[in-house]
1. If I ask for residues that are of a type outside the set (A, V, I, L, M), assigned to a loop (DSSP other than H, G, I, E, B) and in contact with an Asp or Glu (Cβ under 6 Å, 6 or more places away or on another chain), which ones from the stretch 55-108 would you list?
2. Filter the stretch 328-350 for residues that are open to solvent by 60 Å² or more (accessible area, probe 1.4 Å), part of a helix (DSSP H, G or I) and out of contact with any strand residue (DSSP E or B) (no Cβ under 8 Å at 6 or more places or on another chain) and give the result.
3. Here are 301, 280, 253: which of them is open to solvent by 20 Å² or more (accessible area, probe 1.4 Å) and closer than 30 Å to residue 157 by Cα?
4. For the stretch 223-235, state whether one or more residues are more than 15 Å from residue 156 (Cα to Cα), open to solvent by less than 30 Å² (accessible area, probe 1.4 Å) and of a type in the set (S, T, N, Q).
5. Quick one: residue 385 ticks every box in (1) open to solvent by 20 Å² or more (accessible area, probe 1.4 Å); (2) in contact (Cβ under 8 Å) with a residue 24 or more places away in the chain; (3) within 24 Å of residue 21 (Cβ to Cβ) except a single one, so which number is it?
6. Report yes if residue 128 is open to solvent by less than 80 Å² (accessible area, probe 1.4 Å) and part of a helix (DSSP H, G or I), otherwise no.
7. Would you confirm whether or not the stretch 108-119 contains a residue that is among the polar types (S, T, N, Q), within 30 Å of residue 195 (Cα to Cα) and open to solvent by 10 Å² or more (accessible area, probe 1.4 Å)?
8. From the list 306, 377, pick out the single residue that is in contact with an Asp or Glu (Cβ under 9 Å, 6 or more places away or on another chain), more than 22 Å from residue 233 (Cα to Cα), of a type in the set (Ser, Thr, Tyr) and touching a residue at least 40 places away in the same chain (Cβ under 8 Å).
Amino acid sequence: MVGISDPPLAGTRILSVEQYGAGPFASMYLADMGAEVIKIESPATGGDSSRASGPHFLGDGDSHFFQTFNLGKKSLDLDLRAPRGKEVLHRLVGTADVVMNNLRGDLPGKLGLTYADLSPHNPRVVCTHLSGYGRVGERATWPSYDYLMQAEAGYLSLTGEPDGPMTRMGLSIVDYITGITTAFALTAALVGALRTGKGRDVDVTLYDVAMHQLTYPATWYLNEGDVVARRPRSGHPSVVPCETYPTADGHIFVMCVLPKFWIQLCQILGLPDLPEDPRFATPRDRFDNRDALAALLDAAFGQQSTAHWMGKLAGRVPAAPVLTMPEALDNPYFARTEGIQSIDHPDRPGLRVLSSPIRLDGERARATPAPKRGADTDAVLRSAGFLDDDIAALRAEKVI
């Protein structure tokens, strides 16, 4: 973790058999916290497939996509399917605190990445498995992706306008939430291993996380048979006003979750008598008469620009402008909070990337570029006791 003194995971070594999105997203959070994250990439397959994910590339075997999920890591070329590759892994496990992967559910067992496989070489190692559906059961061999989880977990049915088609979220949100869940679970297990001297297997699946994120709509359905439906204007299922409103030049999202915000909103909009209107007196009244209320609020908001209303509402009523992605990234407030930083990438000096959302002692970590494939192979092997002749032999055998 560059720029942060005494980062909390300094001295923690994580071996990660990972590629593409969810797994690398998880381990990047750990790298942000100071862990030494070593990506294990297969020389036979060209390494992490996201190195070839376009449309924007950074020299051979690198891309904007790859950099997004792999900042601050090291890369080790190692063929885990080769017998000598497994021997190398076992030596490295003796130096590691965690071995994680985001492979298909049946592969960790085949590649020897479980606690049963690795504990003889290090009884305190935490073996973390991020998969689509888990390592056991009828779907263990199924490939999986975020969009599939959004489909099966009901997200598409909850997203979009009521009279429009079902819609996925614009980002791979299940991948990202699963990555964060994995980072948390791994860290919790690591604390336990440090306390007891005994590691374990930790399993997190995209499917389980996607379903768990159904939260209170799931509780409502499971206990009352209440089915949450899509609401107009991306509105809240039970709170009004809590939705988007058109302004003179765009849209604004307002959330009057508490009565005091509703009263303030009416005063700011020049509608001070509206809270006394019997149609809108209680939260239930406002919900039942949503269309009538929307017509009144639309007329008021439509008289001025989004910036005007944000100037009036900011800090008094929860509100946000509805921005495009470019507008969000170019937002001066985002710049003032140091949400973007530049890294010294060898093929693209000044490459701009998003900053870690975590601050320690008020500071964000400074990112370093994601590694070229195999860039740290020799150094990592030497740290585990391999001699130069050993490394040369492994390279000749195409194990590394």
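1. Correct list: 59, 102.
2. Result: 332, 333, 335, 336.
3. Exactly one residue qualifies, and that residue is 253.
4. no
5. Single failed check for residue 385: (3).
6. When the stated conditions are applied, residue 128 does not pass them.
7. Yes; the residues of the stretch 108-119 include at least one that is among the polar types (S, T, N, Q), within 30 Å of residue 195 (Cα to Cα) and open to solvent by 10 Å² or more (accessible area, probe 1.4 Å).
8. Working: 306 fails: more than 22 Å from residue 233 (Cα to Cα).
From the options 306, 377, the qualifying one is 377.
The values are calculated or read from the model by the stated rules, or taken from the named source; none is laboratory data. These numbers come from a predicted model, not from an experiment. Every residue, glycine as well, gets a Cβ built from its backbone with ideal geometry; the counts of neighbours run over all protein chains shown. What goes into the accessible areas is simple: the full protein's heavy atoms, side chains included, and nothing from ligands, DNA or RNA. Shrake-Rupley method; radii C 1.70, N 1.55, O 1.52, S 1.80 Å.
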